[in-house]
Amino acid sequence: MSSVRMEVDEGGLEHIRRIATRVRNNALDDMKPDAERYVPVDEGDLFLSIGVDHAAGTLHATAPYAAAVENGSAPHEIPNAWGTGHSVTHPGGPPQPYLRPAAYQQRPLRA
């Protein structure tokens, strides 16, 4: 039986890592406009909080309620609502995903 063995030196591995990083960063950049298109807009704060962090390899939304919109929420109290010193009961809401659909969108990968 014959076999083939291929070895990649550290320089070759670094080249592969650079290509993979470019592919990841391009994919993240391509996802951002989709997330902005899918996000529900009320006052626009959630839309404006959508961003890409190439160093961390993330597409994210930083508005305080970003996860509650993406995943939905049960009824809950909001203490000191709008800085008034009073709390209000929020009725909760169904999920309105915007990051996951952007991430799951089929797209060509490019370096």
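The values are calculated or read from the model by the stated rules, or taken from the named source; none is laboratory data. Quick caveat: nothing in here was measured; it's all calculated off a predicted structure. Note that we place each Cβ from the backbone using ideal geometry, even for glycine, and neighbour counts take in every protein chain shown.
Numbers at a glance
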item	result
The stretch 28-74, subset more than 16 Å from residue 98 (Cα to Cα) and either among the aromatic types (Phe, Trp, Tyr) or within 14 Å of the chain's Cα centre (by Cα) (or both), residue surrounded by the fewest Cβ atoms within 10 Å (Cβ to Cβ)	55
Tally, over the stretch 52-67, of residues that are out of contact with any Asp or Glu (no Cβ under 6 Å at 6 or more places or on another chain), at pLDDT 95 or above and under 30 Å from residue 89 (Cα atoms)	5
Residue list for the stretch 46-99, restricted to those being of a type in the set (Gly, Ala, Ser) and not in a loop (DSSP other than H, G, I, E, B)	51, 61, 66, 67, 68, 73, 81, 83, 93
Number of positions in the stretch 8-24 that are in a helix (DSSP H, G or I) and over 25 Å from residue 56 (Cβ atoms)	2
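Yes/no matrix, rows are residues, columns are (1) of a type outside the set (Gly, Ala, Ser); (2) closer than 20 Å to residue 109 by Cα:
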| residue | (1), (2) |
| --- | --- |
| 7 | yes, no |
| 14 | yes, yes |
| 29 | yes, yes |
| 48 | yes, no |
| 73 | no, no |
